[in-house]
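Just so it is clear, none of the values below were taken in a lab; they were calculated from the coordinates. In this text the structure is predicted, and so the values were computed from the model without any measurement. Here the Cβ positions follow ideal geometry from the backbone for every residue, glycine too, while neighbour counts run over all protein chains shown.
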Amino acid sequence: MSFTYKAKSWHKPQQCYSKVESTGLGMNIRHFSSNLPQKDAREIYFDFYVKRGDSSENRIKEVKNMCFSDRLSNHSFLANFFRLMMSSLAYEMFLLLKQKIKKTRFEVAKKWLISSIRTYLLKVGATIKITKRRIYDQLSKSFVYKGLFREIITQ
């Protein structure tokens, strides 16, 4: 449903939209205003606002839950700051891995969240042997994504 509305602090009326749905917990009423031209309320809500909010919410959830940035329980500011910086660096590393995964031929992996990348690519049994000239790795025989792992490393 769309309508025009003017708040006291606004200079002119704005196009506003409402979405009302009944859930098991009661009524869910949402209102928003938009200046996007020539679009109907359904297109604006589902094609723009929901996607925008969903993606940012998921990024925040990934940093908080999958990079453990919510563990800031130390009494020292510097210790908490250091932990948060380590979580931020871990998130950046995972973003780099996601970009590398998108360049591979493994379609399933392109949809992975950070938790899946950690489980399927980083928590892997391996033996590493270092000689004067080379570094050898021997991955577990049961490692399902060995091809993906090799493809990412050689990029």
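List of remarks:
- Counting Lys and Arg as +1 and Asp and Glu as -1 over every other residue whose Cβ lies under 15 Å from the Cβ of K110, the net charge comes to +4.
- In plain terms, the chain from F46 to N58 could stretch by 2.7 nm, reckoned as 0.36 nm per residue minus the Cα-Cα distance.
- Rounded FRET efficiency, nearest 0.05, which uses the C-beta distance separating V20 from R118 and R0 of 35 Å: 0.30
- When only Cα pairs below 8 angstrom with a gap of at least 6 residues are kept, the stretch 89-155 shows a relative contact order of 31 percent.
- The protection proxy used here, the mean number of other Cβ atoms lying within 10 Å of each residue, ranks peptides 115-122, 3-10 as follows, highest first: 115-122, 3-10.
- With Cα atoms defining each centre, the stretch 78-92 and the stretch 107-122 are spaced 22 Å apart in the structure.
- One chain, two ends: K102 and H31. Fully extended at 0.36 nm per residue, the span grows by 21.9 nm beyond their Cα-Cα distance.
- Relative contact order (%) - the stretch 38-109, alpha-carbon pairs under 8 angstrom, separation at least six: 21 percent
- Under Karplus coefficients 6.51, -1.76 and 1.60, residue-wise ³J(HN,Hα) of the stretch 110-127 in Hz, glycine/proline x: 5, 9, 5, 8, 4, 4, 5, 4, 4, 5, 8, 10, 9, 8, 10, x, 7, 10
- With a simple spin-label model that places each label point 7 Å from the Cα along the Cα-to-Cβ direction, the separation between S140 and K111 comes to 2.4 nm.
- Proximity of backbone amide H atoms, modeled 1.01 Å from N, is registered between C16 and F3, T4, Y5 at under 5 Å, excluding neighbours fewer than 5 places apart on the same chain.
- With 24 Å as the limit on Cα-Cα distance, the pairs of K123/K146; K111/K146; K39/K110 that go past it are K39/K110.
- Taking Cα centre as origin and charging only the Cβ of basic (Lys, Arg, +1) and acidic (Asp, Glu, -1) residues, the dipole magnitude of the chain rounds to 740 debye.
- Only Lys, Arg (+1) and Asp, Glu (-1) charged, at Cβ; the stretch 1-55 dipole about Cα centre in debye: 280 debye
- In the chain, the DSSP-assigned H stretches of four residues or longer account for a calculated mean residue ellipticity at 222 nm of -10000 deg cm²/dmol, using -39500 (n - 2.57) per stretch and the full residue count as denominator.
- Going through (i) 60, 36, 25; (ii) 74, 45, 35; (iii) 47, 40, 33, the figure that equals Cα extents along the principal axes in Å as computed for the structure here is (ii).
- Cross-link partners for K103 among the aspartates and glutamates, with Cα-Cα distance under 20 Å and sequence neighbours closer than 8 places in the same chain left out: E92, E151.
- Dipole of the chain [Lys/Arg +1, Asp/Glu -1 at C-beta], most positive-end residue of I44, F77, V108: V108
- Relative contact order for the chain, counting Cα pairs under 8 Å that sit 6 or more residues apart, in percent: 11 percent
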